[in-house]
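Scroll down for the structure; my scribbles are underneath it.
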There are 2 protein chains.
Amino acid sequence: MSLRYAILAILTAAPLTGYETAKRFEGSVGHVWHAPDSQIYPELRRMEAESLVEGREERWGPNSLKTRYYITAEGEEAFRTWMATPLKYAPWRDVAHMQAAYFEWTDPDSVRMHLQQHAQHYQDQIQQWSSQVQDIESHEHPMIAARLQRYPAEQHERIVAYKSFAYDGLIRLAQAEVDWANRGLQLLADLESEDAG
Amino acid sequence: MSLRYAILAILTAAPLTGYETAKRFEGSVGHVWHAPDSQIYPELRRMEAESLVEGREERWGPNSLKTRYYITAEGEEAFRTWMATPLKYAPWRDVAHMQAAYFEWTDPDSVRMHLQQHAQHYQDQIQQWSSQVQDIESHEHPMIAARLQRYPAEQHERIVAYKSFAYDGLIRLAQAEVDWANRGLQLLADLESEDAG
DNA sequence: TCACGCATGTAAATTGTTACATGATTGG
DNA sequence: CCAATCATGTAACAATTTACATGCGTGA
């Protein structure tokens with residue numbers, strides 16, 4: 001159900017076509033919530049059927065149409081309700097850590113590969129999220145710019161602060177993953193030197 | 001597909017009935033990988049059909065039978081292959097952080113509730129994982145005890161070290177979540193005092 | 001005119017969740 | 001004998017992934 005609220009969230013900043021929505025899920029929002037276009041088009045239609053969004057047709061070139069989706073009052077209400085509802089925390093599921101618990105089942109080179117890949121992956125994430133934070137704080141981010149226009153200036157600080165805060169949390173999580181992988185590489189080195197010594 | 005490998009992983013320590021397997025996913029392994037019994041029974045049968053495990057019937061009381069599943073050589077091989085294969089990192093999905101990015105859509109009390117719940121949830125996780133680590137390091141953990149019996153003593157340190165390492169990573173991630181929630185509560189207080197001032 | 005981006009989907013398969021369902025065994 | 005635990009499932013639904021599929025518009 002979260003896809004629905006992710007869509008509502010971005011439509012609160014500006015109305016979008018299905019294509020644009022899907023692009024957001026590859027770009028900015030996609031760094032917090034991913035969804036493929038094959039999921040987005042049908043979801044938008046379902047949401048329209050439930051009057052959470054309203055699709056308005058627009059000309060696109062001489063012979064074509066495209067549909068731009070606007071969040072409705074009902075959609076905003078549903079979003080607000082969700083925002084005020086406690087989250088259900090899903091039971092934990094973490095392949096990388098599960099696999100690490102059984103590293104004795106593979107050789108040291110493979111362990112090293114896993115840990116290096118882990119560190120690399122989360123370093124890349126840190127890069128992406130950091131650049132998001134920069135764009136947010138400088139108000140360069142296109143979605144942020146669109147969003148701020150809809151609010152009085154005294155609200156801007158709060159809006160930006162929450163978004164920075166969210167991404168900052170993700171960055172620190174990713175940093176914890178990188179640190180963990182590095183501690184694992186150290187552990188591996190220790191175990192290997194013991195074997196040799 | 002990870003459920004399959006999680007099952008293989010615990011069957012490398014000891015053969016189990018479907019019921020026992022499901023219990024493991026509520027208890028020890030469940031702290032790293034969760035699955036309901038409705039998923040486990042059919043998966044075990046599929047795995048038996050693919051000769052990754054072998055089910056042997058056992059008497060259970062005077063009139064009943066139960067099936068105990070043993071990992072096969074083929075199953076071990078599949079597990080080893082998976083252990084040596086690089087993970088695919090799934091695109092990020094994080095409801096709590098996504099929601100936090102839109103906190104301006106709800107009132108301060110609700111924000112506080114979310115953040116307190118978040119901190120509480122991860123503090124509970126830390127408790128659980130910490131007690132796992134203790135049981136692992138003291139070799140008190142029943143699965144660990146069973147597992148160590150199958151290996152020569154010089155392997156024990158390595159096996160225990162990897163498991164501690166895995167749980168330690170989870171604990172630090174959870175701590176990062178708690179810290180994040182607390183920074184959020186501080187941010188909220190700052191924003192509220194600004195409004196008041 | 002051709003490549004690239006914009007636009008919109010369908011279909012099949014997999015995976016996971018929730019709820020329902022049943023009955024035997026064991027220990028107090 | 002009764003409650004808790006052991007044992008094993010089915011059914012319906014929801015969510016997600018992967019692959020396939022099509023065609024117009026715009027700018028170089």
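Brief remarks on what is shown
- Against the main long axis of the alpha-carbon atoms of chain B, helix B:73-83 sits at an angle near 20°.
- Gyration tensor (alpha-carbon) shape descriptor, region B:88-153, a/c threshold 1.5: oblate
- The calculated pair-distance distribution of region A:1-62 uses every alpha carbon pair, bins of 10 angstrom beginning at 0, and gives 21, 59, 18, 2 percent.
- Treating each Cα of region A:47-123 as an identical point scatterer and summing with the Debye formula, the log10 of I(q)/I(0) at q = 0.24, 0.25 Å⁻¹ comes to -1.09, -1.12.
- The orientation-averaged projected area of the convex hull spanned by the Cα atoms of region B:113-197 comes to 6.2 nm².
- If you model region B:1-104 as an ellipsoid using its alpha carbon gyration tensor, with each semi-axis the square root of five times an eigenvalue, the axes come out at 32, 19, 10 Å, biggest first.
- Fluctuation leader among A:Pro36, A:Pro152, A:Pro62 - chain A, Gaussian network, Cα springs under 10 angstrom: A:Pro62
- The mean number of partner chain beta-carbon atoms within 10 angstrom of a residue's beta-carbon across peptide A:153-166 is 5.
- Taken residue by residue and averaged, Cβ atoms of other chains lying within 10 Å of the Cβ of A:80-92 number 6.
- Per-residue mean of C-beta atoms belonging to partner chains within 10 Å, peptide A:115-121: 2
- Rg/Rh, computed from the Cα trace of the protein assembly as shown with Rh as the Kirkwood radius, has the value 1.03.
- Over the residues of chain B, the helix contribution to mean residue ellipticity at 222 nm works out to -22000 deg cm²/dmol, using -39500 (n - 2.57) for each DSSP H run of at least 4.
- Residues B:Ser64 and A:Gln127, FRET efficiency given R0 of 56 Å [Cβ-Cβ distance, rounded to 0.05]: 0.45
- Based on the convex hull around the alpha carbon atoms, region A:51-197 presents an average projected area of 14.8 nm².
- Where chymotrypsin sites (Phe, Trp or Tyr not before Pro) fall in DSSP loop in region A:47-144, at most 16 other Cβ within 10 Å: A:Tyr89
- Sites matching GluC sites (Glu not before Pro) across region A:51-116 that sit in DSSP coil, with at most 16 neighbouring C-beta atoms within 10 Å: none
Read-outs throughout are calculated quantities, based only on the coordinates presented, and are distinct from any laboratory measurement. Note that the structure is a prediction, hence the values are computed from the model and not measured. Heads up, the Cβs are rebuilt from the backbone with ideal geometry, glycines too, and the neighbour counts pull from every protein chain shown.
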